[in-house]
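What follows is one structure encoded as structure tokens, with my remarks underneath.
The values are calculated or read from the model by the stated rules, or taken from the named source; none is laboratory data. Keep in mind that this is a model prediction, so the values were computed, not measured. All Cβ positions, even for glycine, are placed from backbone atoms using ideal geometry, and neighbour counts span all protein chains on display.
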Amino acid sequence: MKIALTGASGFVGSALQSHFKECIIIERDDDEACVLEKLDGVDVVINLAGAPIIKRWSDPYKKLLLSSRIESTRRLVSAVNQSSVSLFISTSAIGIYPDNHSCDETCTQLADDFLGELAQKWEEEALRCLKPTSILRFGVILGKNGGALAQMITPFSWGVGGIIDDGKMMTSWIHLDDLIGIYSHIIENKLTGIFNATAPNPVSNYTFTKALGKVLHRPTLIPIPEFALRIMYGEAASVLTGSKEVYPRKLLHEGYVFRYPDIKSALEQILTQD
């Protein structure tokens, strides 16, 4: 099976390259003709393109977040529609769901903030694809040497890790190995539609923080006030302070078995095993 990737140098893209071994890489500056040429003989296209979300959102950076997802996906979809590709898998995020709601894929309420708008527009562009299409709504991805966990470990290693605000916000997460497993499951079973790429057991920020501190053998005594994150990240702090309780109902229905369904086993595997 021949697979093509956008966003191949990122945390997830690098893991997919290691898993699938031989991937065709679609670069950010490839024009449509170049993309179409690269898609010759490709069976599956995985779209991961997009500027990093955890960064202070100035107005120009908001435009970059939109363009790096919307325009690149539009160009890619146009090429895929002219190709012999049999499956298109695009990316979205659980930021599409509103805070403080328990949601699976049947949830009709959508977030009305910037993250919600970004995810909705990204999905709308992907769904213009005429080929069988799947969209994965990523939760917080946990893995070795990158992603959200790499940013969290530093303050914990200094002994200043702590809950955010009152710790009640919900975190919907997924182990990187399970995310790669989900891609394989979708490809092998030719699944289409929208799927929540989250573990089946979201946790409160308090539970997550205490589990992380226990695995790292570090204290978790100093709470991080929400206003401090807003000073650091501005509006982008909503990525860290939003409360998303999201469940992977469709993946479970389609028979995917999670290797790391609970936060304790996930963190122990990532942080204590070679």
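The table for this structure:
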quantity	calculated
Sole residue being closer than 27 Å to residue 184 by Cβ and of a type in the set (D, E, K, R), chosen from 75, 56	75
Residue that is nearest to residue 97 (Cα to Cα) [pool: residues in the range 230-274 that are in contact with a Pro (Cβ under 9 Å, 6 or more places away or on another chain) and among the hydroxyl-bearing types (Ser, Thr, Tyr)]	247
Which listed residue is under 26 Å from residue 178 (Cα atoms) and without any contact (Cβ under 8 Å) to a residue 60 or more places away in the chain, from 32, 22	22
Test result for residue 108, polar (S, T, N, Q) and in contact (Cβ under 8 Å) with a residue 60 or more places away in the chain	no
Condition check for residue 49: in contact with a strand residue (DSSP E or B) (Cβ under 6 Å, 6 or more places away or on another chain), of a type in the set (Gly, Ala, Ser) and under 18 Å from residue 127 (Cα atoms)	yes
One residue from 141, 163, 135 being modelled with pLDDT of 85 or more and either over 22 Å from residue 70 (Cβ atoms) or among the hydroxyl-bearing types (Ser, Thr, Tyr) (or both)	163
Residue list for the range 73-111, restricted to those being in a helix (DSSP H, G or I) and buried (at least 21 other Cβ atoms within 10 Å of the Cβ)	73, 76, 77, 79, 80, 94, 95, 96
Unique match (being among the small types (Gly, Ala, Ser) and farther than 21 Å from residue 105 by Cβ) among 181, 139, 193, 167	167
Qualifying positions in the range 1-35 - crowded, with 17+ Cβ neighbours inside 10 Å, under 16 Å from residue 84 (Cβ atoms) and more than 23 Å from the chain's Cα centre (by Cα)	35
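Residue-wise test of (1) over 16 Å from residue 154 (Cβ atoms); (2) buried (at least 20 other Cβ atoms within 10 Å of the Cβ).
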{"position": "214", "(1), (2)": "yes, no"}
{"position": "222", "(1), (2)": "no, no"}
{"position": "228", "(1), (2)": "no, no"}
{"position": "234", "(1), (2)": "yes, no"}
{"position": "250", "(1), (2)": "yes, no"}
{"position": "258", "(1), (2)": "yes, yes"}
{"position": "264", "(1), (2)": "yes, no"}
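Each row is one residue, and each column tells you yes or no for (1) in a helix (DSSP H, G or I); (2) within 18 Å of the chain's Cα centre (by Cα); (3) over 21 Å from residue 94 (Cβ atoms).
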{"residue": "228", "(1), (2), (3)": "yes, no, yes"}
{"residue": "231", "(1), (2), (3)": "yes, no, yes"}
{"residue": "239", "(1), (2), (3)": "yes, yes, no"}
{"residue": "251", "(1), (2), (3)": "yes, yes, no"}
{"residue": "258", "(1), (2), (3)": "no, yes, no"}
{"residue": "271", "(1), (2), (3)": "yes, no, yes"}
